[in-house]
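Below: the structure, in structure tokens.
The values are calculated or read from the model by the stated rules, or taken from the named source; none is laboratory data. Quick caveat, the model's predicted, so the values are computed rather than measured. Positions of Cβ are backbone-derived with ideal geometry, glycine not excepted, and every protein chain shown enters the neighbour counts. In case anyone asks, the SASA skips ligands and DNA or RNA and just uses the protein heavy atoms, side chains included. Shrake-Rupley method; radii C 1.70, N 1.55, O 1.52, S 1.80 Å.
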4 protein chains.
Amino acid sequence: MKALVYHGPGQKALETRPKPQIEAPGDAIVKLVKTTICGTDLHILKGDVATCAPGRILGHEGVGIIDSVGAGVTAFRPGDRVLISCISSCGKCDYCRRGLYSHCTTGGWILGNEIDGTQAEYVRTPHADTSLYRVPAGADEEALVMLSDILPTGFECGVLNGKVEPGSTVAIVGAGPIGLAALLTAQFYAPAEIIMVDLDDNRLDVARRFGATHTINSADGKAAEAVKALTGGIGVDTAIEAVGIPATFLLCEDIVAPGGVIANVGVHGVKVDLHLERLWAHNITITTRLVDTVTTPMLLKTVQSKKLDPLQLITHRFTLDQIIDAYDTFSRAADTKALKVIISA
Amino acid sequence: MKALVYHGPGQKALETRPKPQIEAPGDAIVKLVKTTICGTDLHILKGDVATCAPGRILGHEGVGIIDSVGAGVTAFRPGDRVLISCISSCGKCDYCRRGLYSHCTTGGWILGNEIDGTQAEYVRTPHADTSLYRVPAGADEEALVMLSDILPTGFECGVLNGKVEPGSTVAIVGAGPIGLAALLTAQFYAPAEIIMVDLDDNRLDVARRFGATHTINSADGKAAEAVKALTGGIGVDTAIEAVGIPATFLLCEDIVAPGGVIANVGVHGVKVDLHLERLWAHNITITTRLVDTVTTPMLLKTVQSKKLDPLQLITHRFTLDQIIDAYDTFSRAADTKALKVIISA
Amino acid sequence: MKALVYHGPGQKALETRPKPQIEAPGDAIVKLVKTTICGTDLHILKGDVATCAPGRILGHEGVGIIDSVGAGVTAFRPGDRVLISCISSCGKCDYCRRGLYSHCTTGGWILGNEIDGTQAEYVRTPHADTSLYRVPAGADEEALVMLSDILPTGFECGVLNGKVEPGSTVAIVGAGPIGLAALLTAQFYAPAEIIMVDLDDNRLDVARRFGATHTINSADGKAAEAVKALTGGIGVDTAIEAVGIPATFLLCEDIVAPGGVIANVGVHGVKVDLHLERLWAHNITITTRLVDTVTTPMLLKTVQSKKLDPLQLITHRFTLDQIIDAYDTFSRAADTKALKVIISA
Amino acid sequence: MKALVYHGPGQKALETRPKPQIEAPGDAIVKLVKTTICGTDLHILKGDVATCAPGRILGHEGVGIIDSVGAGVTAFRPGDRVLISCISSCGKCDYCRRGLYSHCTTGGWILGNEIDGTQAEYVRTPHADTSLYRVPAGADEEALVMLSDILPTGFECGVLNGKVEPGSTVAIVGAGPIGLAALLTAQFYAPAEIIMVDLDDNRLDVARRFGATHTINSADGKAAEAVKALTGGIGVDTAIEAVGIPATFLLCEDIVAPGGVIANVGVHGVKVDLHLERLWAHNITITTRLVDTVTTPMLLKTVQSKKLDPLQLITHRFTLDQIIDAYDTFSRAADTKALKVIISA
């Protein structure tokens, strides 16, 4: 089969690889219909993700058709159309019992990282019963690809952890695909204001179209003052960090109101300064989270009932044969205005 | 009247000052019966608290008798015996409505800081109706002094924010009075393990007597390994920081389990390193909090029903005339083994 | 001044009464600008509310201007424009501290019930600091009248107690003003389906316009089957009872899904059957609530940010001189299609 | 193998039956070490449980040793010692994902009800990976039998649903094994008062020994007055119904304070009167629940850390050969003073 293979920092290739086989009773083999590329795939290609060894097929998102299942799989049969979660969860370990699927002792984020992933014609998915979701009749499968990772990430790590609520004020720092996913799902809770902060005017335009009430280009280094000015000098109830560098986390420290939350979504490569000399008495909460995808069933319902339109996030479409071009387009987002790209297998 | 007055860094004196007067309709004048000294008073004397100007009467804890009340006070009359909360709350502003009394726009921690405090024969307490609590019949008033600050601080900032629950594992870093207050109130929730970390063996002995299941002297720099060894390598569900320096906060970062909470109680003077390059995917929560004293009614009930014995925290007793000695004893805790000192007015 | 006075069952009159005076330090006298009539006023006129004695000025909703304040009032001054909450709360008692303003030991629902109300030129409001809310600059005052009672009632007793959440299914039994208030505020949480049940096709038309995804006329006695058919046979996550009779509560028992909530809003005159022989193992929650109006600040923010448009609820307008006509129009809602009527004082 | 078989109302026999076999990939066969009898088994024998057909082996509690497992079982191997949960949960269906194991679409309470149970030498347990729990090293296995049903039932349905908290007041109506299990686990949360109500003075004596702060014999019909007298006329924050008849539920309606919770644990055979004409404005919550056993891991930790001593509940011990005697002793609890009986297989 065709597959996009990682060969070490800066190296990738579309190659022919053997079709995967069932290895454990809980496995399923899924024939991909649609997949996509994640910002994390670019991190891997930079060599930032030590757990991903050269030779790995990348990709942890997608929709497909069950090809075969192991002896222990009871929820799916060949021919079933399924959404693949970026997080594999056994449903049995202490972490899974508590909804911390991201820390499943035999799962977590392993697809396209510790085991071969979805940017291929077929993928082996461990713990299939608890890591795949049936595609609802009549659903748009490209829309559902957005539910593999980006929408649960924005929603769980940003909106739920950030305790967005009716009438509250929210700032989202970073208007990339993840920040925009947080923006779309924050609106489930009718906050009064959603302020979007980014350096890219195009993405801020998109944010306004997606429902942001205010946008701030932080290029002038005065974003904190601008947020304070929009919130009566108090700051925001929820600050969502969706970039992953010290400067944007510090901005969140500066703009969070007493009693507020900083919900970190960004993938950080270095430590940040936490100004406890000021914040110890500020009654704030800071959360971190690798997405658990526990809200996938809820998000499926919001898509089916048209409260959420994931198609807005898709800007480009390719075939698997064109995946090298897809990577190029996705990685030059400032030029190409790419948000999410769909790859048809 | 006699009062302990702050005269700038390192300077204090027991002096004669005029008895305070009602200044606003919500004020009460309270004749002190018992007061105490807080670690924060020592911070002020080091010059660390910019809001506290020279000339200020110190103290923000105590039990007393209502001497007079302003025209707007309806809950108390002269002669009523009351517990004085360290936090003054108007009960009306947006913060007070949300239970964030610490950020009351006309209150918060002002006693013995921005206005004269309780280490005196009389004190003026603003927002009396919502900042004083009636002493229950038959209550031990020395015990109640522990409810002005230290017990709600340990409970709200440490135990409640830390989400201690039955069967969970807790580490408390710092076995001073605040850490011990967290230890006592953590036991309301029947955690499986409470591990106490400190450098002072005497305080660790006290901690064991107060209910710690394990103690660790961190002098050897191996406290993180020791906590991991006690928790099957996973770390603790709740790490309570009760010191206020970078090293102890970092220890909390090292020992918190995935899905766990770091509840900061310590008063920090400098920033700390937050290792988001590791913790971003660790699904943790970090909280900061200046005590709100919203749980004072709950804590009064636990004292009355003997689920909590605050008297254990009291090691020394003085009169107001001896308050300079009391400060000396309290400030040399490592030598004197002082926890909390009671001062009878 | 002119005032609408209750004279026992079936008896009311527009009369001249003395202007009220400050009686306690926390009182304010408010000159009414706009008021309205509540379904509860009709209950009083039927003689159903024993606490409301003949001679009482009715009304517990309105917007007005502060005329004078008692010595203890600090938040308002004469000339301030204010929203009057239907619930008076002292902000000091144990119930108020816990957010149970409805059970304030010296307040609760007393306006137009135990003390004179708002259907008059002036009203005395006890506990003014914690029972009045400043009208935001530029706000539509007629819209704000809907925040005195009906919107917090639908929101707190129905939506919040009912735990409406993104993707969930909701049935609201009763499409009168309160049911419609629940419908409007349920949409803060992006539920997948909101099914409205009533006997009046006009009100069901209004419900569809207000955002109901399905409507069911229950005249045929088959509403339970219809709700089950719309929810895959499972029933709804949230059933909001907004009528107040046994039949509608029983319908809620029949349609609530395992794990779901019945949030009672209706004012009941007789007991109902609770089918515990079936429901004991159904893992449901039933809530009752007299509105606390703790969410008034939150609702004000949703109105100011245009997430909520209360004007939709207003169908008719009268002057205080025409209040007898206003009662007639409001009480014959099936004919007049009245929802809420505004009375300008 | 030997097994206790139900033969219709009033009929049971200790018989020889074939050893069960693996039927599905998720099954395990467990060799029983210890089992017990539940009040529900007596209900079945009265003919009250329609789902339990004649010919069924009774019993849904026990500790045993894994004899064999199906192809899909990954968490257990032959020889593992396990606790058997009374609730079978697949861990995959919508209900299981939400923690509603009791409503698992292919599980729930099926053992000793819809399929053969644990009062036998061997039992087949479906969904073994998510319905069995490893016995911790050194654990007392008789104590763990109390974790199959009775302790999670008292804890989840009574204490958690009842929102018991530090300083709160609790009444438990019914001092049978389930009420006593609620009593033991309520103490995890340090409530100020736990009032136990029953008709049997022996059980009330036991309750005092187990930690009740007050006991009331309700034989005189004045229990409501007595509870009110003990709570300053207000009633209790939490009323736990642990009997299952209309009179005891009505008592809970009479004693619950405004803002309080009635947590129903009792298995009801007939409907009850819900006095909404009084309670609609009382701001209460009523919960029902078939135990989910989601807290089994938590309870195991409380037992291992000696916060909970289940052995207190065991009054008699029998062998499987003596199980008819065991039923006799357990069913005549008023005479025999039996709480829980252990049966060694």
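Label-point spacing at B:Pro9 relative to the other copies reads 4.7, 8.0, 8.8 nm, in ascending order, each point sitting 7 Å out from Cα along Cα→Cβ. Computed over the alpha carbons of chain B, Rg followed by Dmax gives 19.8, 61 Å.
Dividing the mean sequence gap of close Cα pairs (under 8 Å, 6+ apart) by how many residues chain A holds gives a relative contact order of 17 percent. The calculated FRET efficiency for the pair D:Gln11 and D:Ala247, based on their C-beta separation and a Förster distance of 30 Å, comes to about 0.50. One Cα centroid belongs to the stretch A:259-281, the other to the stretch A:195-246; the line between them spans 17 Å.
Is there a pair in A:Lys2/A:Lys340; B:Lys31/B:Lys92; A:Lys163/A:Lys340; A:Lys271/A:Lys306 whose C-alpha atoms are over 30 Å apart, and which pairs would that be? Beyond 30 Å between Cα atoms: A:Lys271/A:Lys306. Chain A residue nearest the axis that carries A onto D, by Cβ, with distance in whole Å, is A:Gly72, 1. Remark on the stretch D:38-98: Rg and Dmax equal 15.0, 39 Å (Cα only).
Backbone phi angles across the stretch C:81-91, fed through the Karplus curve with coefficients 6.51, -1.76 and 1.60 (θ = phi - 60°), yield HN-Hα couplings of 8, 9, 8, 9, 7, 5, 10, 8, 10, 6, x Hz in residue order; Gly and Pro are listed as x. Give me the mean projected area, in nm² to one decimal, of the convex hull enclosing the Cα positions of the stretch B:152-287. Hull-based average projected area comes out at 7.2 nm². Indicate, rounded to the nearest 5 percent, the antiparallel portion of the DSSP beta bridges found entirely in chain B. The antiparallel proportion sits near 50 percent. Here the stretch C:65-113 is treated as a Stokes sphere of Kirkwood radius computed over C-alpha pairs; at 10 °C and 1.306 mPa s its diffusion coefficient rounds to 134 µm²/s. Summed over all non-identical Cα pairs, the Kirkwood treatment of the protein assembly as shown gives a radius of 33.5 Å.
Within the assembled protein chains, the solvent-accessible surface assigned to B:Ser305 is about 20 Å², based on a 1.4 Å probe. Within straight-line reach of C:Lys34, meaning a Cα separation under 13 Å, sit the following aspartates and glutamates at least 8 residues removed in sequence or on another chain: C:Glu61, C:Glu121, C:Asp140, C:Glu141, C:Glu142, C:Asp321. Averaged over the residues of C:161-167, the number of partner chain Cβ atoms lying within 10 Å of the residue Cβ comes to 5. Relative to the 2.2 N^0.38 Å rule of thumb, the stretch C:53-190 has a C-alpha radius of gyration ratio of 1.13. Projecting 7 Å from Cα along the Cα-to-Cβ direction, the label point of B:Arg97 sits 2.1, 3.8, 4.3 nm from its equivalents in the other copies, listed shortest first. Would you mind getting me the FRET efficiency between B:Ala229 and C:Val270? Use the beta-carbon distance for r and R0 = 56 Å, nearest 0.05. The computed FRET efficiency comes out at 0.30. Each Cα pair under 8 Å and six or more residues apart adds its separation to the average, and for the stretch C:152-287 the resulting relative contact order is 25 percent. So the label point sits 7 Å from Cα along the Cα-to-Cβ vector; using that for D:Pro136, what distances do you get to the other copies, in nanometres, sorted shortest first? Here D:Pro136 shows inter-copy label distances of 3.3, 4.2, 5.2 nm.
Bridge orientation summary for the protein assembly as shown: considering DSSP beta bridges with both residues in this region, about 55 percent are antiparallel.
In order along the stretch C:305-311, the phi-based Karplus estimate (6.51 cos²θ - 1.76 cosθ + 1.60, θ = phi - 60°) of 3J(HN,Hα) comes to 8, 6, 7, 9, 10, x, 4 Hz; Gly and Pro are listed as x.
Each part gets one Cα centre, and for the stretch A:1-78 versus the stretch D:160-191 those centres are 50 Å apart.
Multiplying the residue separation of C:Asp321 and C:Glu277 by 0.36 nm and subtracting their alpha-carbon distance yields 10.4 nm. Remark: accessible area buried at the C-D interface is about 3100 Å², both chains counted, probe radius 1.4 Å.
Estimated from helices alone, the mean residue ellipticity of chain D at 222 nm is -6000 deg cm²/dmol (sum of -39500 (n - 2.57) over DSSP H runs with n ≥ 4, per residue). Overall dimensions of the stretch A:1-129, expressed as equivalent-ellipsoid semi-axes from the Cα gyration tensor (√(5λ), whole Å, largest first), are 23, 18, 11.
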